[in-house]
Amino acid sequence: MADAGKFGSCCDGLKDALAGEDFEPLIAVDEDGVLYMSVGLLDTEKDDEPNMVDHPVFFCPFCGTKLQTPEDVDAKTAHS
Ligand SMILES: [Zn+2]
């Protein structure tokens, strides 16, 4: 269950980035409830679509609020 509402309460910058109404956001919450940021594109020969390289976001890139810890991410991703 995605819990996107949990993130974005710290500032409008992150809220708008997650809403992504006018653009394809590079910050997203996955099905585990972990906030990820795309840090680059992986060009693969076999896929038409380039793969996004994601990295968990621990601090809000806009205001610096601590959003989650590596332990949170480990706990959320451990079951899958
Ligand atoms: Zn913020």
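The values are calculated or read from the model by the stated rules, or taken from the named source; none is laboratory data. Since this is a predicted model, take the numbers as computed values, not measurements. Don't worry about glycine lacking a Cβ; one is built from the backbone with ideal geometry, like all the others, and counts go over all protein chains shown. Accessible surface is based on the protein model in full, side chains and every heavy atom, while ligands, DNA and RNA are left aside. Shrake-Rupley method; radii C 1.70, N 1.55, O 1.52, S 1.80 Å.
Could you pull the accessible area for Lys66 with a 1.4 Å probe, rounded to 10 Å²?
130 Å²
Under 5 Å between amide hydrogens, which residues at least 5 positions from Met52 or on another chain qualify, with H placed 1.01 Å from N in the peptide plane?
Distant-sequence amide H within range of Met52: Leu42.
Counting other Cβ atoms within 10 Å of each Cβ, which chymotrypsin sites (Phe, Trp or Tyr not before Pro) in the stretch 20-59 have at most 16 and sit in a DSSP loop? Numbers along the way, then the final one.
Details: sites: Phe23, Tyr36, Phe58, Phe59; in loops: Phe23, Phe58.
Those satisfying the criteria are Phe23, Phe58.
How much of Glu71 can a 1.4 Å solvent probe reach, expressed as accessible area in Å² and rounded to 10?
130 Å²
Kindly provide the pair-distance distribution of the chain built from C-alpha pairs, with 5 Å bins from 0 and whole-percent values in order of increasing distance.
Computed distribution, short to long bins: 3, 15, 23, 24, 18, 11, 5, 1.
Hey, for a label at Lys66 modelled as a point 7 Å past Cα toward Cβ, could you say which residues of the stretch 4-39 have their backbone N under 19 Å away?
Residues 6-11, 34-36 qualify, since their backbone N sits under 19 Å from the label point.
Using a Cα-Cα cut-off of under 25 Å, which lysines could be cross-linked to Lys15, ignoring same-chain neighbours fewer than 8 residues away?
Hits, sequence-local ones excluded: Lys6, Lys66, Lys76.
Just how large is the dipole of the chain about the Cα centre, in debye to the nearest 20, putting +1 at every Lys and Arg Cβ and -1 at every Asp and Glu Cβ? Before the final figure, lay out the partial values.
Working: 5 positive and 18 negative charges, 99 e Å.
Around 480 debye, computed over the chain.
For the stretch 4-78, which whole percent of the accessible surface, found with a 1.4 angstrom probe, sits on carbon and sulfur atoms?
Numbers: 2560 of 5010 Å².
The value for the stretch 4-78 is 51 percent carbon and sulfur by accessible area.
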